[in-house]
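The numbers here are math on the coordinates, done by the rules we state, and not lab data. Only a predicted model underlies this, so the values are computations on that prediction, with no experimental measurement involved. In this analysis, Cβ positions are derived from the backbone assuming ideal geometry, glycine residues included, and neighbour counts consider all displayed protein chains.
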Amino acid sequence: MKTILSVILSLAMIPLFAAAMIEPAIPAKEVVQEASSPSERYYSSDGKYSIAFPAQWELAADLDESSIAGISPREDGQDFFRENVLIGSFDLTTTDNLDDYFQGNLEYLQRQIGDIEVESQERVEIDGQEAIKLIYSSTISNTRVKTVQVFLLRDGRGYIITAMAMEPAFEAFKEEFGEIIKSFRFE
């Protein structure tokens, strides 16, 4: 599990950690009712964005001073892969163009994973900001996973929201992932 999560997080360009072994650091929060179930809004330590996770999810904040990870509860004792949503925020020095930012990240993913099967790519709006949403499947440490990534730019920073589940479980989490992603807002 540690290997799978380490690879997943590095692909999202967030520092490596083993989600199952962390004691979550909880940032400032407020209870919100944006999703179909109660959720809590968490704020990045740099104060640039917030996102709402279901109340029962575990949180890891300040992974690199500007990232948050939400990790689904274990479904049972055999649950070796916990679905997760990660948000990374990065200073940009090379581009302020969303298409270039997306293309650079897609090329990076293809180099690192190799077997990406793109299901869809579309322009979306998140908190009034144009974004690009990518859905793809890949194999990581012999495990088939399905991933949604949303790429945004604002004020010289790049943001990547990554939601991931094992491929067979993805459909069961798709709506919840969508609610979490839609809750992202700039502060």
**OP:** Hey, for a label at residue 186 modelled as a point 7 Å past Cα toward Cβ, could you say which residues of the stretch 117-154 have their backbone N under 16 Å away?
**Re:** 124-132, 151-154
**OP:** For the stretch 46-140, state which GluC sites (Glu not before Pro) are in a DSSP loop and have at most 16 other beta carbons lying within 10 Å of their beta carbon.
**Re:** 65, 75
Original post:
Once both labels are modelled 7 Å past Cα along the beta-carbon direction, what's the residue 110-residue 94 spacing in nm?
Top reply: 1.4 nm
Subject >> Three-way shape label, the stretch 92-187, alpha-carbon gyration tensor, a/c 1.5 >> reply: oblate
Subject >> 3J(HN,Hα) from dihedral phi, the stretch 84-92, Karplus parametrisation 6.51/-1.76/1.60, rounded to Hz, x for glycine, proline >> reply: 8, 10, 10, 10, x, 10, 9, 5, 10
